[in-house]
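Shown next, in structure tokens, is the structure this report addresses.
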Amino acid sequence: MHTLVLVLMMLANTTVLAPRYIDFGPIAVDDDYEMLYPLAYVDIPVLDNDLSGKGGGPLRVTGVSAERGGKAAVVDGKFVRVAIEWSSIGEGAIAHGTYTIANDRGSSEGSWTVWYWSEIEP
């Protein structure tokens, strides 16, 4: 009985701290772009799923690289444009690279991947 009273007293005296907002800088979330027919280039809206953090201002794409399958460039600070090199590409992940986003709070790096499927089977 004494143990139960002690536990109840401890629970009653425990202070629950209210959660506060989480303060973070920008976070880049990896992006996938899928094609069902060949295109010369694609514009990937990489900022659509990225997080800007609290009070950091608008995000912008500040850098890009292509590791395989094409050449990449930043368009209007909002998109990653990938010019696909179709000469030696089959299906699946045909191009891949990284991009950097930034705002007043800092920067973050994410990756982009372009997928190509000539047919989709159920």
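Coordinate-derived values only; no laboratory data. Keep in mind that what you see is a predicted model, and the values were worked out from it rather than measured. Cβ: placed from backbone, ideal geometry, glycine included. Neighbour counts: every protein chain shown.
Brief remarks follow.
- Full extension of the chain segment joining Arg60 with Asp104 gains 14.8 nm, where the gain is 0.36 nm per residue of separation less the Cα-Cα distance.
- Overall, segment 24-116 carries a charge dipole of about 320 debye about its Cα centre when +1 sits on the Cβ of Lys and Arg and -1 on the Cβ of Asp and Glu, all other atoms neutral.
- Among residues other than Ala40 with Cβ under 11 Å from its Cβ, the summed charge is 0 (Lys and Arg +1, Asp and Glu -1).
- Rounded Å value of the spacing that divides the Cα centres of segment 24-39 and segment 60-122: 7 Å
- FRET efficiency, Asp43 to Ser88 (Cβ-Cβ, R0 25 Å, nearest 0.05): 0.60
- Rounded to the nearest Hz, the phi-derived 3J(HN,Hα) couplings of segment 76-89 under the Karplus curve 6.51 cos²θ - 1.76 cosθ + 1.60 (θ = phi - 60°) are 6, x, 10, 10, 10, 9, 10, 8, 7, 9, 7, 4, 10, 10, where x marks glycine and proline.
- Normalised by 2.2 N^0.38 Å, where N is the number of residues, the C-alpha radius of gyration of segment 24-116 stands at 1.10.
- Top positive-direction residue, dipole computed over segment 24-116 with Cβ charges, set Ile94, Phe79, Leu39: Phe79
- Using a simple spin-label model with pseudo-atoms 7 Å out from Cα toward Cβ, Ile120 and Leu36 lie 0.5 nm apart.
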